[in-house]
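Note sheet for the following structure.
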Amino acid sequence: AGDQYRVFYEQLSKDPNSLANLDQDLPNYAQHHIPIHSLPADWLWCETWCDQASKPFAKTIDLCNNPMTKERKLDVAKRIVEEWVSIDDEIKAFEAQLKLSSAQVQPPTSAQPSVALGDSK
């Protein structure tokens, strides 16, 4: 099955129009040659095709692009994933701390005297 998928992938990846939806095109194109089994709905929740009542039972949440809303993925994440904002703030604080600590460690400048190795007189 892996070899067949590689062949289909190679064929589809040559078409620039296919690359945008390769995750959908590849299984659709291969389904008549390779048995494909769907996962239960709770394995992948996406607001485009799932209802809000099923979201608490989702094992994974797809922050998919909804073609109807054209909403940015970061905005979708903030709206859909309750913890997103606090985790994002924590990461931003950590990044700021790293920048501050790296700014305090000054690399040696070329103006410092060089030490010559060898005979000293």
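The values are calculated or read from the model by the stated rules, or taken from the named source; none is laboratory data. Predicted model, so just to flag it, every value in this text is computed and none were measured. Positions of Cβ are generated from backbone atoms using ideal geometry, with glycine treated the same way; all protein chains shown enter the neighbour counts. Ligands, DNA and RNA are excluded from the accessible area calculation, which covers all protein heavy atoms including side chains. Shrake-Rupley method; radii C 1.70, N 1.55, O 1.52, S 1.80 Å.
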Residue order for Phe8, Phe57 - accessible surface, 1.4 angstrom probe, largest first: Phe57, Phe8
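Using a 1.4 angstrom probe on heavy atoms only, work out the carbon and sulfur share of the accessible area of region 1-52 in %. Write down the numbers at each step before the final one.
Values: 2200 of 4100 Å².
After summing per-atom areas, the C and S share lands at 54 percent.
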Modelled FRET efficiency - R0 25 Å, Ile34 with Cys64, Cβ distances, 0.05 increments: 0.60
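Gain in length, Leu44 to Gln24, computed as 0.36 nm per residue apart minus the alpha-carbon separation, to one decimal in nm?
Details: separation 20, 0.36 × 20 = 7.20 nm, distance 1.39 nm.
Additional length available on full extension: 5.8 nm.
Any chance you could run the full-extension gain for Arg6 through Ala103? It's 0.36 nm times the residue separation minus the Cα-Cα distance, nm to one decimal.
On the way: separation 97, 0.36 × 97 = 34.92 nm, distance 4.69 nm.
Between Arg6 and Ala103, full extension yields 30.2 nm more.
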For Ile61, distant residues with modelled amide H under 5 Å away: Trp45
Karplus-derived 3J(HN,Hα), 6.51/-1.76/1.60, for each residue of region 43-51, Hz, glycine and proline x: 7, 8, 9, 9, 5, 5, 10, 10, 8
Amide hydrogen neighbours beyond the local backbone of Asn66, cut-off 5 Å, H modeled: Glu71
